[in-house]
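The values are calculated or read from the model by the stated rules, or taken from the named source; none is laboratory data. Everything quoted here is computed from the prediction, not taken from an experiment. Virtual Cβ from ideal backbone geometry, glycine too; neighbours counted across all protein chains shown. Remember, those area values only see protein heavy atoms, side chains included, never the ligands or the DNA or RNA. Shrake-Rupley method; radii C 1.70, N 1.55, O 1.52, S 1.80 Å.
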Amino acid sequence: MRLYIITILCLLCGLSARSQSAPTPEQAGSIYYAYPTPPAVSTPAPAGYEPFYISHYGRHGSRWMTADERYTEVVSVFDSLYRCSGLTPLGIDVRGRLHKVWEDARGCSGSITPLGERQHREIAGRMFRNFPQVFRADARIDARSSTSVRCVLSMSYFTERLKELNPALRVDRRAYHRYMDYIAYTSPEGEKFASEKAPWRSDFREFEKKNVRPERLMASLFTNSSVIADPDAMMRSLYWIAADMQNVELDLSFYDIFEYEELIGVWKTVNARMYVCNAAAPLNGGLMPRQAVPLLRNILESADAAIRKGTPAADLRFGHDTHLIRLLALMQIEGCSNRETDMEKFHLAWQDYRVSPMGANLQLVFYRNKKNDVLVKFLLNENEVTLPIKSGKAPYYSWEEVKTFLGKQAE
C-alpha cells in the first residue's frame, strides 16, 4: 500500500503529543482497532507496598461485524453489478474478496473471533504474572458481564485462563440483567442525545459530507458509479469491512482500494461521533460521561468492601466500548477527558483507537503496606496513566485522595 508522506507529516504536526504519530491504517479503523500488545514497562511500587486487589472493566475482544446485513448488503451490490458487467477489474477482484469475507462471517455476526479469545487469555495471563500476590492461594475473583454473548465469552476466556494458572482460585461468574444497570447503563436522556434526530447531528452531517469523499473509490470499482444510490454509505460500508479484517483469521486486506487521505477522512467522522456520544466533548454538556456514574459508584463501593476485607481479590467487569469510554472520561483518566469545541479538531484532542480498541481495559491495582496504607495505580490498556491529582508517588496515588476525587465525579 503506497504511503502518503505529505498527508502523514501534516497529521503528525497536528496530533497531540500523547499519540506521537499519525494513525496507521489499522488504527484508522477506529473502535475496530485490534488490541495492541502493551509495552512491558512498569514503575516499581514504593518500598513496602504490595498489590492485593484489582478492579477492572474490560471491553469484549475482537469480533465480526455486528449484523449479517453489514456484509450482505455490500455483497449484493457487487453481485448485481457483476452480472451486468458493471464492475471494473478492481471491482471484480474486490467482489471475490467480499465473498471470502462473507463466507467466513456467515452465522458469526456480532460474535467474538478466535483473536478476541486470545486477547482476553493474554490480558489475563499478564495480569496474573504482573500481580501474582492478588491471585495467590484461594483468592476470590468476582466476574460480572454484560448479557451480550461476546462479553460473556470474553469473561469466560479471561477467568478460564486465571483458573488454569491457579486452579485454587474461587471464581464467581455472572451475567444477569440486573448488572446491566451499571455495566452498560444509558439513560433515556443519553439515548435521546445520541439519536439520529439530535440537533447536533445537523452540523455533524455537514462534517461527514466534507470528509467522506467517495468519488475516486466508486470510479475505481464500478464502470458507472452513478448507479450507486448512496456512494457515501457504500464507502463507509467498505471502510468497516476493511477495518474488521484485523480482527478475523483471514489473510485478506482492503486497504489497497483506499488512499490514505480517504481512510483518515472517514475515521475523523467516526471518531467525532464517538467523542460526542461518549467522551468529554463540550457538545454533550457532560451528559454522556455521566452515564457511567452507576459504574463508577460500583467501582468505589467494591473497592471499599475489598479493602475492609483485606484478602487478595479481584472484581472483573466485562462490557462494551461506549461504556468504557464514558467511564474513562468521567474519571478524567489521562488523555480521555480532553475538551475540544471545534469539530475539525476533535481528532487532535481525542482518538478512539487509543482509548477503546477491541479488548480495551481499565485496571485499578491496589497496594498496601504493613501499616495498611493503601495506594492505587491506574492502567489503561495495560499502560500506566495518571489522574489530575498531585502525587509525589505517581503513577501511584493515595486511595483516600482518589476516592474523594472520584466520589465527587460520581455525585
Within segment 117-173, residues of a type in the set (Gly, Ala, Ser), on the phi < 0 side of the Ramachandran plot and part of a loop (DSSP other than H, G, I, E, B) come out as Ala139, Ser146, Ser148, Ala168
Checked against (1) farther than 21 Å from Arg236 by Cβ; (2) more than 26 Å from the chain's Cα centre (by Cα), Arg129 satisfies every condition except (2)
Practice prompt. Could you tell me whether Val77 is in a helix (DSSP H, G or I), β-branched (Val, Ile, Thr) and open to solvent by 30 Å² or more (accessible area, probe 1.4 Å)?
Written response: yes
Of the candidates Glu249, Glu301, Glu261, the one satisfying the condition of being within 21 Å of Val402 (Cα to Cα) and either open to solvent by less than 10 Å² (accessible area, probe 1.4 Å) or not small (Gly, Ala, Ser) (or both) is Glu301
Of the candidates Tyr185, Tyr176, Tyr157, Tyr239, the one satisfying the condition of being surrounded by fewer than 16 Cβ atoms within 10 Å (Cβ to Cβ) and aromatic (Phe, Trp, Tyr) is Tyr176
Meets criteria (within 17 Å of the chain's Cα centre (by Cα), crowded, with 24+ Cβ neighbours inside 10 Å, in contact (Cβ under 8 Å) with a residue 40 or more places away in the chain and within 23 Å of Pro395 (Cα to Cα)) for Ala329 = yes
Cβ pairs under 6 Å, 6+ apart or interchain, first in segment 100-118 and over 14 Å from Cys151 (Cβ atoms), second of a type in the set (D, E, K, R) and at pLDDT below 95, ordered by first then second residue, are Pro114/Glu249
Of the residues in segment 28-71, those that are out of contact with any Pro (no Cβ under 8 Å at 6 or more places or on another chain), farther than 28 Å from Ala279 by Cβ and surrounded by 16 or more Cβ atoms within 10 Å (Cβ to Cβ) come to Tyr49, Pro51, Asp68, Tyr71
By residue number, the members of segment 304-319 that are surrounded by fewer than 20 Cβ atoms within 10 Å (Cβ to Cβ) and either in contact with a Phe, Trp or Tyr (Cβ under 8 Å, 6 or more places away or on another chain) or not in a helix (DSSP H, G or I) (or both) are Ile307, Gly310, Thr311
Looking across segment 387-401 at residues that are within 24 Å of the chain's Cα centre (by Cα) and surrounded by 15 or more Cβ atoms within 10 Å (Cβ to Cβ), the single one that is farthest from Leu330 (Cα to Cα) is Pro395
- [ ] Say whether the condition of being of a type outside the set (Gly, Ala, Ser) and within 24 Å of the chain's Cα centre (by Cα) is met by at least one residue in segment 213-220.
- [x] no
Note to self: Considering only segment 32-39, I want to know if a residue exists there that is within 16 Å of Ile123 (Cα to Cα), in contact (Cβ under 8 Å) with a residue 12 or more places away in the chain and touching a Cys at 6+ places or on another chain (Cβ under 7 Å).
What the structure shows: no
Counting only residues in segment 346-374 that are assigned to a helix (DSSP H, G or I) and among the hydrophobic types (A, V, I, L, M, F, W, C), the one surrounded by the fewest Cβ atoms within 10 Å (Cβ to Cβ) is identified as Leu348
Note on segment 221-269: residues aliphatic (A, V, I, L, M), under 26 Å from the mean Cα position of the chain (by Cα) and closer than 22 Å to Asp79 by Cα are Ala233, Met234, Met235, Leu238, Ile241, Ala242, Ala243, Met245, Leu250, Leu252, Ile257
